[in-house]
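Notes to accompany the following structure.
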Amino acid sequence: QRGGGPTSFDTVLASRMGGLAVESLLKGESGKMVCSVGGRMVLRPLEEAWGTRKPLNPELLALVDILGV
């Protein structure tokens, strides 16, 4: 894995997100994604992600080219 192994924070975050995702599916909810907002796990409609575009950082793109990632 690039960047080293996952930290305990990564493991807890993934567990919390996965838990909420499973709970929502068991309730019959679909078309939603799990987000961390202010340290809380919340469900948001997928359309929010699809309708939002963030510009790419040109400096990071140049770094990707330099590192050959």
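Read the figures in this text as sums done on the coordinates, not as results from a lab. Because the structure is predicted, anything quoted here is derived from the model rather than measured. Positions of Cβ are generated from backbone atoms using ideal geometry, with glycine treated the same way; all protein chains shown enter the neighbour counts.
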Given a Förster distance of 25 angstrom, what is the FRET efficiency for Met41 paired with Asp10, based on the Cβ-Cβ distance and rounded to 0.05? 0.95
Output the 0 to 90 degree angle, nearest 10, between the alpha-carbon long axis of helix 58-67 and the longest principal axis computed from the alpha carbons of the chain. 70 degrees
On a 0 to 90 degree scale, rounded to 10, what angle separates helix 8-26 from the longest Cα axis of the chain? 40 degrees
Simple SL model, points at 7 angstrom along Cα→Cβ for Arg53 and Met17; separation in nm is 2.3 nm
Can you compute the helix-only [θ] at 222 nm over the chain? Use -39500 (n - 2.57) per DSSP H run of at least 4 residues, normalise by all residues, nearest 500 deg cm²/dmol. -15000 deg cm²/dmol
Between beta-carbons, use under 13 Å as the cut-off and find the net charge around Val22, counting Lys and Arg +1, Asp and Glu -1. +1
